[in-house]
């Protein structure tokens, strides 16, 4: 049962292969087994590749099964269309397009499995890339809000600087009228005289201005600090919102790129393995000598070609013979006087009718 299934997978003619020896049947069963298991590997590889895209096992398995059937059909077609020739170079020329197609299929099949085999190493590369993307994202978002934050900080510092400057002015005026009262500076007269009163008045006026300025600026500073808090919150929110996009940076293309950053030799040997598996049915069929099945298939095809050639020759001969017969028939008719007189009579009648018609038409015009 299994042998019959693998023979079907090989694409061999069942009516011919079952008339061949057991060894010939085993050869084509082996070719069919290679085709079948290559399709199974294609199914597994494509299912994994699609799982990294859809994150859905059932959908990935379904589409992977379709891809596996497609690869199975292509491989079966490639193997079944190769014919044994009398020259190896003729076979190579015949098989070269099929070998190229098999190489393409092998590369397509091997890549998803390479990604799975080197998953841990690829995850390490992706983690490093994600960290770099996260840092670059934070820097980019910070640069986006930097102008507003810097402007807010500059305005806040300006308001605080105005308060500090006014406080220094008030402190200086306070020191001036105190030293005047102590007699250590100014008029150098101890006591609260007119000069002291004037300086005290300036200090009190500046102190009132300071209270007003402090009240107004503190309110503005509070608003600026609230605005700065809002800007910082927006910045943090933007970073938080974009982080899931970076965390999901592990799709098929990202993994293929990460695989390309790993040492190429292990990946290359895995691809060579699949290339050998994919091309093995073609190579085996090319290297094996003509077998019983090949002779019977060639005999069957030759018989059909001979029959078609005979039918074409007979049709051409029939057409040529019919043409010669009709040539002889019309040659004899050409010398028949009775037929000549009959055609002459009819021609005269036709000319008379044309003359009468023309005459009547001319009379109607006149």
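Laboratory data are not the source of any read-out in this text; all were calculated from the coordinates shown. Owing to the predicted nature of the structure, the values given are computational and were not obtained by experimental measurement. Every residue, glycine as well, gets a Cβ built from its backbone with ideal geometry; the counts of neighbours run over all protein chains shown.
Key figures
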quantity: Contour minus Cα-Cα distance for residue 117 and residue 100 (0.36 nm per residue); calculated: 3.6 nm
quantity: Crossing angle, helix 337-365 versus the chain [Cα axis fit, 0-90 degrees, rounded to tens]; calculated: 50 degrees
quantity: Packing-based exposure ordering (other Cβ within 10 Å, fewest first) of 24, 338; calculated: 338, 24
quantity: Cα-based helix-to-principal-axis angle, 57-80 vs the chain, degrees rounded to 10; calculated: 30 degrees
quantity: Inter-label distance, nm, simple model (7 Å from Cα along the C-beta direction), residue 147/residue 308; calculated: 7.6 nm
quantity: Contour minus Cα-Cα distance for residue 5 and residue 128 (0.36 nm per residue); calculated: 39.4 nm
quantity: Per-selection Rg to Rh, the chain - Cα, Kirkwood hydrodynamic radius; calculated: 1.56
quantity: Cα-projected label distance for residue 62 with residue 350, points at 7 Å along beta-carbon direction, nm; calculated: 7.5 nm
quantity: Modelled FRET efficiency - R0 35 Å, residue 328 with residue 89, Cβ distances, 0.05 increments; calculated: 0.05
quantity: Residue exposure sequence - 83, 319, 255 - by fewest surrounding Cβ within 10 Å; calculated: 319, 83, 255
quantity: Per-q log10 I(q)/I(0), the stretch 308-365, q = 0.16, 0.30 Å⁻¹ (Debye; single scatterer per alpha-carbon; no solvent); calculated: -0.70, -1.05
quantity: Using alpha-carbon coordinates, inclination of helix 88-117 to the longest axis of the chain, degrees; calculated: 30 degrees
quantity: 222 nm mean residue ellipticity, helices alone, for the chain (DSSP H n ≥ 4; -39,500 (n - 2.57); rounded to 500); calculated: -32000 deg cm²/dmol
quantity: Ranked by how many other beta carbons lie within 10 Å on average, peptides 280-293, 66-79, 32-45, 344-357 from highest; calculated: 32-45, 66-79, 280-293, 344-357
quantity: Stretchable slack from residue 317 to residue 359, in nm (0.36 nm times residue separation minus alpha-carbon distance); calculated: 9.7 nm
quantity: Whole-number percent relative contact order across the chain, with pairs defined as alpha carbons under 8 Å at least 6 apart; calculated: 22 percent
